[in-house]
Each structure stands twice: as C-alpha cells, then as structure tokens.
Amino acid sequence: MRLALKFTLTLVLVVVTVLTAQGFFETQRSMEHYETLIEESQAELGAILHDALVRIWDASGWEAALAFLAEVEKDRRDTEIRWTWLEEQPREEYRPRVSLERLQSLLDGERPIVIDRSTRQGVIITYKPVRLKGLPLGAIEFVRSIERERALMRDEIRAQVISTALLILIYAVLATLLGRAWVGRPIAALITHAKSVGAGEFRVASDVSQKDEIGQLAREMNLMSDHLLLARGQAAQEREARLASEQRLMHADRLASVGRVAAAVIHDAGTPLNVISGRAAMIADGEVTGDQVLDSAGRISQQAERITNMVRRVLNFSRKDASERSEQDIPELIRDTAEFIEPFASKSKVRIKLEAKEPMRSLVQPQQIRQVVVNLVTNAVQAMPNGGEIRIETRSELRTSPESTGGAPLEYVSIAVSDDGPGISPETKSIIFEPFYTTKQQGEGTGLGLAVCRDIVNAHGGWIELSGEPGQGATFTCYLPKL
C-alpha cells in the first residue's frame, strides 16, 4: 500500500474515531443532563404537592386529596401523577410500579426516591413520600416517558452521522489530493531517482523542489548522486592506475623469470653452437665433400632452428600480455610452458614430469597462465638446490569456491605443481602469498612471484591453494573454471 494512501486512511480513521466518540459522549451527556433536569423538576413538584396534600387532607379529607392530584395531572400532560402506598395493601390501583422491596430499601425519611437509570424502561420515575395522619406511609408517584425525547435524540444522532459522513468524505478527498500532491508524487519521483542511481545513472537529478523534509531528502539525494559520480570517476582512475601497476608488476616479474631462463638457454645454446661451428669449419677446410657437405649443412640448419626456437620462446614469454582471453587447452599450454622452463630446471639437475590424462579447456589469458606455471616451477627448482623432480598434474575436479556461501560444486581445471623440497612451515603458509615476502637468499628473488600468481588466478575466477607438510615437499594447486 502506498504511503499517501496509508497516510490518508490513517487520518480518516482517526477523524472517524474522534468524531464518533465525541458524538456518542455528547449524546450521552445531553441525555443524562435532560433526565437530571426532569428528576429535579419532579422533586420540586413533589415538595409542593406534599405540602398541598397535607393541608387538603387535614381540611377536606382523602377524596379531596385524590381529586387534587387528578387535577394536577391534567395540567401536566407529559407526566403521570398518582397516589401509591409504600406499605403492603390489597388495592391494585395504588400499587407502585416499582416493587415495595426496592422502594423500602431506598426510603430515607421524606426525601424523594429516584429510581436507578439501569432499571428504567424508557421512563423516569420519582417517588415523594407523604405521611398523612392516621394512614399508612404513602407516596406521590411521578412517571415521565422519555421515548419522544429519545426518538428526537436518535434523529439528531442520525443527522450528526450524516453530516459527519459528509465531512469525512470531504476530508478524505482533500487528504487524498493533498497526500498525493505533497507525499505520493514526490515519493514516486524519489523512487525513480533512486532506481536511476541504483542503475548507475548519477547524472539524472530529482526534480522534487518542495520546501519540506521530502524536498530536503531530494536535495540530499541529488548531492549524493554528485558525490557518487565524482567517486566513480576517481575509482575508475584508481582502477586504471592499479591495473597498469599490476601489469607492470607482472611484466617485471616475467622479465625476472626471463633473466633466469635466458642464462640457462645461453648455457644450452653452447652445444648447438659448437655443432654449427664445427660443421662450418669442416666445410670451409674441405674436410667434407659431396654428400657429406649436404649432411653437414643440414645439421647446421637443424641446430640453428633449435637455437631459434629457444630464443623465440624467451621472446614470446617476455612480451606484455594481450588484453583478451581465449579458449585454451590447459594441458597443451602446460606442456609448452614446461619446454620453455626446462633448460632452467635441467641446469639445476631438476626433472619436470607432466601428468595430464585428457584435454581440458578454460577461458584464459595464455601468457598469464604461463607466468603462473613458470613462477611455481622456478620456486620449486630453487627449493631443491641438490636436484630432484617436479610434478605438474592437470586434472578436472568438482569443487566449491572458498568465497561461495553455498550451492552445488562446479567443475574446475586444477594445475598442481609439486616438488621434493623441504616444504613450508605452518608459520610461513599464512604469509607466503604476501607481496615482497621471500624465504630465498638475497639476490635470488623479489618476493613477488606467488603474489602475482594469486592475483592472476583470482582474476580468472579461480583460486590457489598450498598443501604439504614440512620435510615432505610442497604442492601449489591452481583452480581455473572449466569450459
């Protein structure tokens, strides 16, 4: 239910309640006041008739007294006046309307007896006790019907109800119109503005201009939109700066890896260069002739192609990332990366073992995933100075993301890089992914490798985990969403 309608209905209900209660209590008060006036009038008349009856009784007797009451009743057409006995006697015409037990319980000398309103049935009854010489205790009974007055009162109440209903109708119409103009329309405009802000349209301002709390709220929302627009611009600039910084950081980390691999490549390039130099010298000195020349030339070309492939892998890895992701076969990407890093591992007497049973595809930026694998393999090589084996296992797993609050597990491609090194202590595990933290000797690392790996994997919608006990090697597992 809308606010303006709620406001209008509430006010109408309050007005109806107040007017109804006021009308009821005023009617009750008027009726009670009217009945009190009648009672007082009957009491005054009773006092006068009491004295008159006593004098007439003393002067003319019983019959004259009754005749006097009959004459008085004729003059008072709205009230029935008759003589009653307040003591038990056989004549029915002199029995009071109210029981003798009731009257005797209320008798207090010669004071008028007023019957409780709860026992009446549309009449007002008053008794004036009269004690005549030589007779039992009697009383003058006054009975006044108030049905006509109640009928008039009901007509008045009906007229008040009709006038009140018309007044309420007029008030409801006015309240509805004013509520819609002062509350409904401004609130609707604020809701529209809020939806625009929620949709990111901070330039759309609210047109509510009334000078009240709603208008103040509209002005504050416009000011909030301006602040959000400014903050969004600043956030965009900060995000661009952060992305640029991350790209430079990843590229710097990649270049550091290139430096380590390049040294191994240069070392490995010595063998094919010796072959090329030796075969070229044999041709130049005429030591080979005929088909042997062609064979030597073929070997020179083969070794040159080998060196070219080494250099091309280094150059490809050192280039900056392409901005777009593409669908890649992760095991094939891992094999290509392993060939690139293999000279560095071989130089340290470390063998790389690949385990991948089937093709598994994921939407990734290839260069960044290569950088993750190179960093993890480099760390594993440096953790085994006396040589050993690195196992890279790629498989499909059903997992629930650590950031997920529930729901069914999803399918991920896991890349697990394991080594036979000394492992990682529990104290180190909690901070190993922090930037610039390293356990290596000075000059062997910057402490950025694992932090870069974590950021790259997280940016691809996955996460990285560390497992293993001290003295039993370490395993870093990257999870990427599987297609």
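Quick note: the coordinates plus some simple rules give every number you see, no bench work behind them. From a predicted model like this one, the values you see are computed outputs, not experimental measurements. Every residue, glycine among them, receives a Cβ derived from its backbone with ideal geometry; neighbour counts consider all protein chains shown.
Label reach from Tyr94 (point 7 Å along Cα→C-beta): in segment 125-148, amide nitrogens under 19 Å belong to 127-143. Remark: the Asp226-Ser196 segment gains 9.5 nm on full extension, using 0.36 nm per residue and subtracting the alpha carbon distance. Here the translational diffusion coefficient of segment 363-432 follows from Stokes-Einstein with Rh set to the Kirkwood radius across Cα pairs; for 25 °C and 0.890 mPa s it amounts to 169 µm²/s.
For every other residue with a beta carbon closer than 14 angstrom to the beta carbon of Glu156, add +1 if it is Lys or Arg and -1 if Asp or Glu, then tell me the sum.
Taking every Cβ under 14 Å from that of Glu156, the sum is +2.
Considering only the other residues whose Cβ falls under 14 Å of the Cβ of Gly423, what net charge follows from Lys and Arg at +1 and Asp and Glu at -1? Computed value for this residue: -3. Note on Ala459 and Val293: with the Förster distance fixed at 56 Å, the Cβ-Cβ geometry gives a FRET efficiency of about 0.55. List residues of segment 68-82, by number, whose backbone nitrogen lies under 15 Å from a label position 7 Å along Cα→C-beta of Leu132. What the label zone holds, given the 15 Å backbone N cut-off, is 68-72, 82. Using only alpha-carbon positions in segment 3-153, the gyration tensor eigenvalues give semi-axes of 44, 15, 12 Å once each is multiplied by 5 and square-rooted (largest first). The alpha carbons of segment 325-483 stretch over 43, 33, 25 Å along the principal axes, in descending order. On the beta carbon distance between Thr308 and Leu363, with R0 = 35 Å, the FRET formula returns roughly 0.65. The residue among Gly23, Ile124, Ile56 whose Cα reaches farthest toward the positive pole of the charge dipole of segment 3-153, with charges on the beta-carbon of Lys, Arg, Asp and Glu, is Gly23.
Which whole-number percent gives the relative contact order of segment 325-483, counting Cα pairs below 8 Å spaced six or more residues apart? The partial results should precede the final answer.
Numbers: 303 pairs, mean separation 38.2, N = 159.
Relative contact order for segment 325-483 comes out at 24 percent.
Residues whose amide H lies under 5 Å from that of Ser401, counting only those 5 or more places away or on a different chain, are Leu410; hydrogens are built 1.01 Å from N in the peptide plane. Applying both filters, DSSP loop and at most 11 other Cβ atoms within 10 Å, to the trypsin sites (Lys or Arg not before Pro) of segment 169-219 gives Arg203, Lys211. Put a dot 7 Å past the Cα of Arg203, heading toward its Cβ, do the same for Ala284, and the two dots end up 7.1 nm apart.
R0 = 60 Å: FRET efficiency of Leu66 with Val14, Cβ-based, nearest 0.05? Rounded to the nearest 0.05, the efficiency is 0.50.
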